Every structure is written in structure tokens, then in C-alpha cells.
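Novice: Supplied in C-alpha cells, the structure appears directly below.
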Amino acid sequence: MLTISLKIEFAGGLELLFSNQRSHRISIPSNPASTPNEPPKRADITYLIHWLKDNLLKERVELFIENGTVRPGILVLVNDTDWELEGEGSYELMDGDEIVFISTLHGG
Amino acid sequence: MLTISLKIEFAGGLELLFSNQRSHRISIPSNPASTPNEPPKRADITYLIHWLKDNLLKERVELFIENGTVRPGILVLVNDTDWELEGEGSYELMDGDEIVFISTLHGG
Amino acid sequence: MLSLPEYKRYGRQMILHQFGLPAQLKLKSSSVLVVGAGGLGCPALQYLAAAGVGRIGIMDHDVVELSNLQRQILHTESRIGIPKADSAAQALKEINSSIDLDVHTTALSPSNALATLSPYDVILDCTDNAPTRYLLSDTAVALGKPLVSGAAQKYDGQLSTYNLNNTGPCYRCLFPKPPAHELVGTCEETGILGAVTGTIGNLQALEAIKIITGLHDGIPSLLIFSALASPPFRSIKLRSRRPTCPACFPSTSIPPIQQTDYVAFCGGLTPNWYANGL
Amino acid sequence: MLSLPEYKRYGRQMILHQFGLPAQLKLKSSSVLVVGAGGLGCPALQYLAAAGVGRIGIMDHDVVELSNLQRQILHTESRIGIPKADSAAQALKEINSSIDLDVHTTALSPSNALATLSPYDVILDCTDNAPTRYLLSDTAVALGKPLVSGAAQKYDGQLSTYNLNNTGPCYRCLFPKPPAHELVGTCEETGILGAVTGTIGNLQALEAIKIITGLHDGIPSLLIFSALASPPFRSIKLRSRRPTCPACFPSTSIPPIQQTDYVAFCGGLTPNWYANGL
Ligand SMILES: [Zn+2]
Ligand SMILES: [Zn+2]
């Protein structure tokens, strides 16, 4: 199975859900099959979010995922660009991509 | 002739020598021949420095070049790394590389 | 238009390329409201006053405490116990007596937010809690004003200008729901390094000065700072307004600001309704 | 080891992960010399004092002028005409009376540099001219001390710690020759925005705090800031010492610091031998 390597960062408190570690390097399948009957398609951010939940998340899934995507308080960045400019969950991941998940800070 | 695209930045006052423009996008030959008798070799930073002198520099060559390389007061950065870690002038340029030339600031 | 002492005072910035007398006059005729005179507000106020912003509003309903002095650098030991807004105003007067200062020692609330913000050109969010951040964002959008928002916690900081040119995203566009309380405590609970609030507050002043003088490129972005990371700064290109944002595209089904319970929206758990700077 | 008021004052940073009582005690027993109490020195001094650095040296031989107040935010209108080092010390005492301050109103020179720097753990270069920058770098290397060097001009800033852990590069390793005078004037000639010096000075304090408390990763880097660029910050990974650097690898053929003419080395054109903060 072909894989792609990604750099994942969590910030703004989200790192607390992932072993209190900000930076992670992961490898995920490049063309995962959603179900045995469907043809495999390129891994996108929606797939990544579920992969992170299944493989990296240590606690409190409800603070990371809501209704099949990230919780609305979380901003996703694809190579330093707001994921909304990149197609949000349907952005197809490329080898070497850097994906950042941040929560907003309150303090001052 | 094949070319490679580079992003060039000048900072710390050096931009004054280059039309007072900090950012430049240029295309240079990827395998320039030094002399007609020699085989062409990959463009390196030494080649780039002379290319910049011949094509982009507007004034005061002695403030940019000294003894065939950049003036000792100038720091060269290859993709955000000190060029000394990348082989200095013999670093072979790749398409998309970002090369920064900075002079040190005094003020405070 | 400028007095001789003003030429002398602001000379070092007036000789800057793209600045000159026009930018200085824009600063002089501009007004900025800084909400929160704590870790972010102190450095922001300092550089706004030094640069010659003509009118500065300082809003904070809290009083100076010893535990503030580790990072709230406008306050002094001798001013412990007096309102932070007064203490900050006193410090600014010593730096620059030629600017006008408005002192607001009341708390920002849904009922006074529109009236409080409306006289100012640019608003700085230097508060420390989610309800006030949403209230400030909604009010800035409703009034069509840029909101330079800073935040800092632990070793980390964030900076963004919301509602930039009335086309950039607001706080709600980016973060439709407040973060979980479990993940982001207050500075009191999680700690904060003074030089981190200093860096972000300083950059808030810079951002406001760029907006007022026309030096800002108008592109919405988010700056993320982490004092212990390498590289420490990261700049993010942001979307424009979110079409489904209830603040940027209000419908009649949305209650107006005055009738919104921001504390409940943010989970109702925040102990202090308004930025107390801790 | 800390008094009750100190626990209260520094509590917000002591509860930080990786900080705690050990880091606070390191700060308390540390000493920092800030050379230059101008645009960079003022914010750096502010945050070093607020954080609880036990002994701070302030060195500046100039007096406060009206044209300084646009960015040198420790000085006030009422202190115009008094030495900057005294003015800064007065401001720091108001923030934190529990730390020790040394005031140096003399100019740094090749003959006093070694003796002046040697009592301090960390040196901050907040000066504004090339000869003093080379003198500070040579002296820091000779004494084996880290030199947190900031610089700012126009809309731009630079920050680097030289001689980090006695293995990182010094100023001379990176810039064996001073830049041409034609390209870099003084702040007086080219202008400077206050929030730019503020940002760099603030980050110098942060860097010093990280070095003292052991939070620094020890990797030499150069931060480049440009207030009008997007992204505004860029971090550069630096080499280690240059094998041919006469400061890091001195030979007997090199004159000692006391006998070096730094002004001549830098072209002899700098109008003020020492940082006057303009
Ligand atoms: Zn919105
Ligand atoms: Zn060296």
C-alpha cells in the first residue's frame, strides 16, 4: 500500500488531546478504500481527521470531532493556508503536506 | 535551454542596489556552460551571484561583489538556511528555491 | 498642522519611506480603543501613545494587583489598588502629554458595547476571555470597524485583525464555537510569560498603526507565535467572510447584540465576565 | 528561597509548564547587562525587570531627548535631559523595586569592555552602530558569554544570539566585514518605527529569559522581521562558528580587543562612537 508522509501540528491547547505533543510526523495510506465495494480514492483531510482520531488521539474525542468533521472551534491550516481556501475536508493530501490544527486562545 | 525559477529577496539595505525592490522572481538557465569548451554544469549560487550582477544589479557593483563572491558583509540564505550549511557558492540551485541576501542592520 | 515639538518628537518615523507628514497627520486625527489594560493592552497602549495616535480610549474595570506586574508593564508598585485604566492613563501621560485619553473603568457588556466602540476608528481586543472576544467581534462587525485581536497564553500567542476593510473574516467566521474550556483555561490557571504578551501587544499596536496610516496590505492573516518553537512565528493566509456567519451576514432570526448572552454561549463557565488581565 | 510577595508577583509564570520555582530562582540569581537604553533597550529592560532577573546592568552614556520618546518607552517628558541609564533605572524601580540595578553612564570602549561585561551572565546588544556591535561581540566571545543581539532600522528588525553555548557563531562569523555605509545609515538618517524596535527588544528579553531558565533549544538562529512584509517573520538556521573567525579562533597575530580600532574597522564614518539611541 502506498503511503504519504505528513507533518501534523496541534496548537492552542489541542496538543493536550494528543499526548501533549505539538509536532507529529505520520504516514497514512495515499489511496484508502472507504468500503470494500468502492474504488479507492486519494486521502483527503476528512480521512486524515478520522485517521488521527483512530491512531493519535488519546482522550476526549468530542473535543476534536463533531458531526464527522473537526469541532467548529478548531481551525485547520494546510501549508499555512486556511483550509477553507483549499476545499476544507475534500482537500487531497500530498506527500510532505503540513497540516496544523489550532484552537483559539483567550488569554491576555 | 532549460531554465529554473527562483525567488530572490534582498534585505537589510541591499534592496537599494536592486531598484529598491525586495522581492524578485527570476528564471535562469539550469545548466549554463561556463566556456564553450567545457561541458555545461548545474547552475550554482556562484553562477547566480554573477547572473544577478549582470541582469538585476542597478548600481555600485562593489557593494555586492568582492573577489568573485558576495561582499563579506552579506549573508546568503538558501531556503531559510545559512548558505554555509549548504555548500556556499557551490550549492546547486533547484527549481523553486528561495535565495535571500541580507546585510546586517545597525540601528536600535 | 503639526507643531514644532511634534515635528521633533515624531521626526524619526516621519522620515520613513511611505510615512512622512501625511501618515503622522492620520495618526494624530485617529482614535483607537484598547479594551483591556493588562498583559496585551499595556505594550499596545505604550506604542500607540508614543507614535502619536491622537485619541486613545483605555477600557478596563479591574484594579492593579501585585501579580499583574510580572507582565503588565504600565502599572507600578505604587499604583497597586487603583483602576488599571487610570494607572495606564497616568503612564501614557508621562510619555506623551499631547494626546487625548479617555478612561473607561466600566466593564464592556452587551448593553454598552455599541455605544462604547462607536466613537473610535480602530478597536484592539486585549481581553482575556471568550465571551468578551465574541462580543467585541460582533460589535466591531456591526459598526464596520477593524478589530485588532491579540491573545496569549502560556508560551503562545495569536494575532489577527478581524473585519479588515469590512471584507475580512470576523472572530466568528473563523471560530463559530468557542473552544472547549477543558483545553483553554485562563492565564490564572495556565500561566503566561510576560514577554509573550509583550510581543503580541506590541504587534497589535503595529497592526493598528499600519491600518491607520494606510501601510497595511489589506490581506487578512493570522500570526501564530510560540516562544519555545522553532521557528517561533507562523503566518496563515485567511479566508474572507464565511457566508454562513451570523455576525457578518445577519438574518432577522439572530438576536441583536444587546440580547445575546455571551457568557452562556461560551459555556457559562468563565469565572470573570470581563478581562481582568490575570 | 522566594519571599511570599515574590511568589505572588511571579505566580503567573511560575505555574508554567517547564518553569516553576527552579526557573524563577535561576532568574533571581542571574545578571544581565543591557547595552543601550534606547529603542531596543527600553522594552528589553522592561520585561527583564518584570520577570525578576535579579541584577540588571543598564549602560548608556546619552541623555533623554524629545525625539527619543516616539519609541524609547521607558523615558518620559519630565526626564528629558537626564542620562538615559538613570531614566531607565528610575522606570524599572517603579515596576520592580526588589531587583538590583547597576547604572553605567559611561560609553563602552575597547578599554573598559572586558571589565564592564565580565560580571554579567548574559549581554544584550541594544546599540545602534557597527563599531560597538563588533566590540560587544568580540568581548562576549572572549568572556564566553551569550550575546543577545537586536537591531532595527526603518520597518525592519533582526535578532540573533551570538556565541550561544560557546559554540554558536559570533557577529564576526556571520559578518566578517561591516556593511557598507551607503546601504545602512543610522536611525537618525533612515528613520525607525517604534513598534519595530519594541518587537525586537521584547524578543531580546524573551531570548535572555529562555537562556537563563534553560528553556532555549540551543540552536543558533537568526530572526528577520519586516513590518510591511508578508509573512513578517522569517527564521534562519545558522552555521556554527566559522573556522577562520579571528574572534572565535584567535591567533597571536590578532591584536587584543583593547588595541583594536573598531571605528576605523567600520570605515571610520560613524558620527557617534557609541549608541545614542537616535
Ligand atoms: Zn463573521
Ligand atoms: Zn566568530
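Novice: Suppose we compare each residue of the stretch C:37-80 in its chain alone and in the full protein complex with a 1.4 Å probe; which ones drop by at least 30 Å² of accessible area?
Specialist: C:Q46, C:Y47, C:A50, C:L66, C:S67, C:L69, C:Q70, C:I73, C:T76, C:E77
Novice: Separation of the stretch D:150-172 and the stretch C:120-135 by C-alpha centroid, Å?
Specialist: 35
Novice: Rg and Dmax of the protein assembly as shown over Cα atoms: what are they, in angstrom?
Specialist: When restricted to Cα atoms, the protein assembly as shown yields Rg and Dmax of 26.1, 83 Å.
Novice: Report, to the nearest whole %, how much of the accessible area of the stretch D:45-97 belongs to carbon and sulfur atoms, 1.4 Å probe, protein only. All intermediate terms of the calculation are to be shown ahead of the outcome.
Specialist: Details: 620 of 1270 Å².
Its accessible area is 49 percent carbon and sulfur atoms.
Novice: Interface size between chain A and chain C, please: total buried accessible area, 1.4 Å probe, rounded to the nearest 100 Å².
Specialist: What A and C bury together is about 3100 Å².
Novice: Dipole size in debye (nearest 20) for chain A around its Cα centre, Lys and Arg Cβ +1, Asp and Glu Cβ -1? Intermediate values should be presented prior to the final figure.
Specialist: Values: 9 positive and 17 negative charges, 81 e Å.
Roughly 380 debye for chain A.
Novice: Report the far tail of the P(r) of chain B, meaning the percent of Cα-Cα pairs longer than 17 Å. Each step should come with its number before you reach the end.
Specialist: On the way: 3002 of 5778 pairs.
Beyond 17 Å sits 52 percent of the P(r) for chain B.
Novice: If I compute solvent accessible area with a 1.4 Å probe over the protein chains, what percent of it on the stretch B:3-103 is carbon and sulfur? Working shown, then result.
Specialist: Numbers: 2090 of 4540 Å².
After summing per-atom areas, the C and S share lands at 46 percent.
Novice: Sticking with this one: Only protein chains counted, 1.4 angstrom probe. Which residues of the stretch D:137-157 are at least 40 Å² less accessible in the assembly than when their chain is isolated?
Specialist: Buried-area filter returns D:Q153, D:K154, D:Y155, D:D156.
Novice: According to a simple spin-label model (label point 7 Å from Cα along Cα-to-Cβ), what is the distance in nm between D:N165 and D:S3?
Specialist: 3.7
Novice: Here's a follow-up. Output the DSSP H helices from chain D with an along-axis C-alpha extent of no less than 18 Å and a mean Kyte-Doolittle hydropathy no less than -0.5. Let's see the in-between values first.
Specialist: Values: long enough: D:130-143 (20 Å, 0.56); D:194-213 (28 Å, 0.87).
Within chain D the helices that satisfy the rule are D:130-143, D:194-213.
Novice: Farthest toward the dipole's positive end in chain D, which of D:A264, D:L21, D:L40, given Cβ charges of +1 (Lys, Arg) and -1 (Asp, Glu) about the Cα centre?
Specialist: Toward the positive end, the furthest listed residue is D:L21.
Novice: On to the next question. Residue by residue through A:61-74, how many Cβ atoms from other chains fall within 10 Å of the Cβ on average? It would help to have the intermediate numbers written out before the result.
Specialist: Working: counts 0, 2, 5, 2, 0, 1, 0, 0, 0, 0, 5, 7, 10, 5.
Mean shielding count: 3.
Novice: Still on this model: Find the accessible area per residue for the protein assembly as shown; the probe is 1.4 Å, ligands and nucleic acids are left out, and the unit is Å².
Specialist: Numbers: 27140 Å² over 772 residues.
The answer is 35 Å² per residue.
Novice: How much accessible area does B:L56 have with a 1.4 Å probe, in Å² rounded to the nearest 10?
Specialist: The value for B:L56 is about 30 Å².
Novice: Of A:S30, A:S90, A:S19, which has the largest mean-square fluctuation in a 10 Å C-alpha GNM of chain A?
Specialist: A:S19
Novice: List the residues of the stretch C:6-27 whose accessible area drops by at least 30 Å² when all protein chains are present, compared with their chain alone, using a 1.4 Å probe and counting only protein heavy atoms.
Specialist: In the stretch C:6-27, residues shielded by partner chains: C:K8, C:R9, C:R12, C:Q13, C:I15, C:L16, C:H17.
Novice: While we're looking at this one, here's another question. Rounding to the nearest 10 and keeping the result within 0 to 90°, find how far the Cα-based axis of helix A:45-55 lies from the longest principal axis of chain A.
Specialist: The helix A:45-55 is inclined about 80 degrees to chain A.
Novice: Moving to a separate point now. Taking A:K7 as the anchor, which lysines have their alpha carbon closer than 17 Å to its alpha carbon, excluding any fewer than eight residues away along the same chain?
Specialist: By straight Cα distance, A:K7 reaches A:K53.
Novice: Let me understand chain D better: what is its radius of gyration from the alpha carbons, and its Dmax, in angstrom?
Specialist: When restricted to Cα atoms, chain D yields Rg and Dmax of 18.0, 55 Å.
Novice: Here's a follow-up. Nearest 100 Å² is fine: how much accessible area is buried between C and D, summed over both sides, with a 1.4 Å probe? Working shown, then result.
Specialist: Details: alone 12790 and 12810 Å², together 20410 Å².
The C and D chains share an interface burying roughly 5200 Å².
Novice: So, one more: For A:M94, what accessible surface area do you get with a 1.4 Å probe? Give it in Å², rounded to 10.
Specialist: Answer for A:M94: close to 100 Å² accessible.
Novice: Post the alpha-carbon centroid distance, the stretch B:70-88 to the stretch C:36-103, in whole angstrom.
Specialist: Using only Cα atoms, the two centres lie 44 Å from each other.
The values are calculated or read from the model by the stated rules, or taken from the named source; none is laboratory data. Everything numeric in this text was worked out from a predicted model, so none of it was measured. Positions of Cβ are generated from backbone atoms using ideal geometry, with glycine treated the same way; all protein chains shown enter the neighbour counts. These accessible areas exclude ligands, DNA and RNA; they are computed on the full protein's heavy atoms, side chains included. Shrake-Rupley method; radii C 1.70, N 1.55, O 1.52, S 1.80 Å.
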